[in-house]
Every structure is written in C-alpha cells, then in structure tokens.
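Undergrad: The following block contains the structure, expressed as structure tokens.
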Amino acid sequence: MEKSGRKEFVITTNDRHYLPFHNPQQRTWDGPFYFIQAADTQLGFQERCVEGRKDPGWTKEVEWTRQMVKDINKIKPRPKFLVICGDLLDAYPETLATTRLLQEEDLKKELLSLEIPLVCVCGNHDVGDIPTPSTVASYRASFGDDFFSFWCGGVFFLVVNSQYYQDSTKVEILAAEQEAWLEHQLEQVVHQKPKHCVVFQHIPYFISSPEEDDEYFNLPKQLRDNLLSRLYKAGVRYIFCGHYHRNAGGQYLDMEEVVTSAVGAQLGPDTNGFRIVKVLHDKVEHTYYALGNAPTHIDLTQGTENN
Ligand SMILES: [Zn+2]
C-alpha cells in the first residue's frame, strides 16, 4: 500500500477515456513495450463453485491476487499496465450485493499495492448474466466505465463490455450506446491507423474456432460473425479475453483471439497465472506464466513463443 503511495482505490476512467494515458503523446509509436493481461480474479468462485462450500469465503483468491501483484511489481522494466479481463469478483450484484461489497473491499485492498496502472474490464459476474441499468451503474461506481478506449505507445486499445452482447434485454439503451461508440472507435482505427489495435473483453467470441457451436463460454454465432468481421475490417488483429478459466484461443483470418486462464479458480489443467504481452514493431506476442513463475526481467529485443 505504501509503495504505491495510494491509500484508496482510484477510478481511472472518465467519459470513456483512460486517464493514466490520456495524453496526445501516447498516439505515437515509441518502440516495443509490454503489458500484463490477467482475468477472473473472481473472489469467491473457488469455494462456492469448485469446492461447493455452503458459506464460501475467498481467502484463496485474495492470496492469488496478492501473489500476482507481487510478481508484477518485480518485473523490470515496468509493464505499461495490468488489464484484468473481467469477473473481478464472484458475487452477483443483484442477488448477493452485501457479499459483493466485502469481496470488492478485499480485491481493492490487494490492488492498491500494484505499482503500475490498472485497466478493469467488466465480466458477467460483475453486472449479472442479465445486466440491468442498476447493476451497470453499480459497476461504474465501483470500477469506472465499462467500455472505453485508450492509446498507449502508438497502439489503440478498446475495452468492451461483452455482457451487452450476451444479454441486453434489460439494458437496450446502454447496449445501443456501446454499439454506437464502438462503430465510432472503429472509424477512428481506420483513419488513424495505429501501430496495432487490440480489444479487451470478458467473454470470448469463440474458444478455439470461429466456426464452433454456441455454448456457455462463447458468444452467439450470429453476433460473433458480425463483430469479428467488423473488428477485422477496421484493423483489429488481437483480442484478449477471460471467462473460460483455462487457456485457449484461435484465429479469425489473421486476427488472433487469446483466451487467458484465471488468476483465481481453475476449471481445467492450467495453473493460476497471467500473461505477459509484448507489443513489438510487427506483432504482438504473449506467454502465460503460473503465479510465482514469471520472469523478473523482460527483454523486448527478443520474441517469445506464444503459448
Ligand atoms: Zn465469466
């Protein structure tokens, strides 16, 4: 807490901008950099879902989140930012509001020690599987805008609330706002031609193939085809997601979608961890590391094997 010099969690978005990089200089490519991508800290999921406990706590997720922050703070040179791609917490805001507040307090306490900027992405557990104007408002009050964009080192990043794609029946106006905003952002990408354009969201369009059938962990096919083709045409070539609690991903033409396993509970053979993402001149490369196993020095002159 002392190291970051912050005493309380600060919301870093305003008017769909990300304040730490809200600076015209960020539009210019200044050489390779890297960032950290994580997903599903989801405080409470391990004991509630994986262990099936009646009165679930979240001490394990607190420890995992603490370890992630410790690992990230050790890496030199500094990553530009940490993005957590949704399901920050497990308790649904509508049905478990009190529990959620306690989880939120504990997550924020851990994130205060983080010594780099934090980008929050909204997951289904953060606004409910069927979001409402009130759950979205509550997310925004706790973590900031649920959709926004920013430039960092000549690269354009889009943060999307995928829950408007999953079920917008109770939030049609908000979903339409995101849609209009997205269309405008994609026009910007076409005109301003960033070095790379990267999307962050919670639910993946697909787990391993754009052709796969609809299931719980992907987005419906019709919407998937429409969005993937629009993102691709505008120039997006990388999409990073979570939600699956396993590492996965695949290609749509030469656009890569990366599904990153959880900092929190695992639903497959992976170990709790996060991804180091190198943004190089001609490509974006990434490697997943188990907690406690990340390198403490990043060499940006050398590529990595994607895994
Ligand atoms: Zn999820």
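Undergrad: So what does the Cα-only Debye profile of segment 13-290 read at q = 0.11 Å⁻¹, as log10 I(q)/I(0), no solvent term?
TA: Ignoring solvent entirely, the Cα scatterers give -0.57.
Undergrad: Determine the shape class of segment 62-206: with a ≥ b ≥ c the square roots of the Cα gyration tensor eigenvalues, call it rounded for a/c under 1.5, and otherwise prolate if a/b is greater than b/c, oblate otherwise.
TA: Judged from the Cα gyration tensor, segment 62-206 comes out oblate (a/c at least 1.5, b/c at or above a/b).
Undergrad: Gaussian network model of the chain, Cα springs within a sub-10 Å range: biggest mean-square fluctuation belongs to which of LEU96, LEU43, LEU267?
TA: LEU96
Undergrad: For TYR252, which sequence-distant residues (separation of 5 or more, or a different chain) have an amide H within less than 5 Å of its own amide H, given hydrogens modelled in the peptide plane?
TA: So TYR252 has HN proximity to GLU257.
Undergrad: Okay, next question. Can you sort ASP146, ASP270 from fewest to most other Cβ atoms within 10 Å of each residue's own Cβ?
TA: ASP270, ASP146
Undergrad: Which lysines, if any, have their Cα less than 17 Å from the Cα of LYS7, not counting same-chain residues under 8 positions apart?
TA: Answer for LYS7, where 17 Å is the Cα cut-off: LYS108, LYS109, listed by chain and number.
Undergrad: Can you spot the lysines whose alpha carbon is less than 16 Å from LYS278's alpha carbon? Ignore those fewer than 8 places along the same chain.
TA: Straight-line reach from LYS278, under 16 Å: LYS76, LYS80, LYS195.
Undergrad: Then there's this: With Cβ to Cβ distances under 12 Å as the rule, what net charge do the other residues near HIS22 carry (K, R +1; D, E -1)?
TA: Result for the local shell: +1.
Undergrad: Given the options GLU47, GLU110, GLU212, state which has the largest fluctuation in a GNM of the chain using a 10 Å cut-off (strictly under) for Cα springs.
TA: Result: GLU212 has the largest fluctuation of those listed.
Undergrad: Something else: Taking only the alpha-carbon atoms of segment 54-107, what semi-axes of the equivalent ellipsoid follow from 5 times the gyration tensor eigenvalues under a square root, in whole Å, largest first?
TA: Output for segment 54-107: semi-axes of 27, 13, 7 Å.
Undergrad: Sorted from fewest to most neighbouring beta carbons within 10 Å, what does the list TYR139, TYR232 look like?
TA: The order, fewest Cβ neighbours first, is TYR232, TYR139.
Undergrad: What does the charge count near ILE116 come to, summing +1 for each Lys or Arg and -1 for each Asp or Glu among other residues with Cβ under 9 Å from its Cβ?
TA: +1
Undergrad: Can I ask one more? For SER138, SER113, SER162, what ranking results if the residue with the fewest other Cβ atoms within 10 Å of its Cβ goes first?
TA: Ranking SER138, SER113, SER162 by Cβ neighbours within 10 Å, fewest first, gives SER113, SER138, SER162.
Undergrad: While we're here: Can you give the FRET efficiency for TRP29 and LYS54, using 1/(1 + (r/R0)^6), R0 = 45 Å, r = Cβ-Cβ distance, to the nearest 0.05?
TA: Between TRP29 and LYS54 the formula returns 0.25.
Undergrad: Restricting the count to DSSP beta bridges whose residues both fall in the chain, what percent are antiparallel, rounded to a multiple of 5?
TA: 55 percent
Undergrad: Further, regarding this structure: Could you order peptides 193-199, 152-158 by the average number of other Cβ atoms within 10 Å of their residues, highest first?
TA: Highest-to-lowest ranking by the protection proxy: 152-158, 193-199.
Undergrad: Which net charge results for the neighbourhood of ASP270, defined as the other residues with beta-carbon distances under 14 angstrom from its beta-carbon, given Lys and Arg at +1 and Asp and Glu at -1?
TA: That sum, taken over residues with Cβ under 14 Å, equals +1.
Undergrad: Then there's this: Computed FRET efficiency, Cβ-Cβ of LYS233 and GLU115, R0 45 Å: what is it to the nearest 0.05?
TA: Calculated value: 0.75.
Undergrad: Sticking with this structure for a sec: With a point put 7 Å past each Cα toward its Cβ, work out how far PHE9 is from ASN226 in nm, to one decimal.
TA: Once both label points are built, they end up 3.3 nm from each other.
Undergrad: Could I ask something else about it? Relative contact order (percent) for the chain, with alpha-carbon contacts under 8 angstrom and 6 or more residues of separation?
TA: Computed over the chain, the figure is 22 percent.
Undergrad: Per DSSP H run of at least 4 residues, take -39500 (n - 2.57); add these up for the chain, divide by its residues and hand me the 222 nm value, nearest 500 deg cm²/dmol.
TA: Result for the chain: -8500 deg cm²/dmol, rounded to the nearest 500.
Undergrad: Quick check on segment 225-302: take the gyration tensor over C-alpha atoms, sort the square-rooted eigenvalues as a ≥ b ≥ c, and tell me if it's rounded (a/c under 1.5), prolate or oblate.
TA: In terms of gyration-tensor shape, oblate.
Readers should treat all values here as calculations from the given coordinates under stated rules, not as data from a laboratory. Remember, it's a predicted structure, so these values are computed and weren't measured experimentally. Ideal geometry is used to build each Cβ from the backbone, glycine not excepted, and the neighbour counts take in all protein chains shown.
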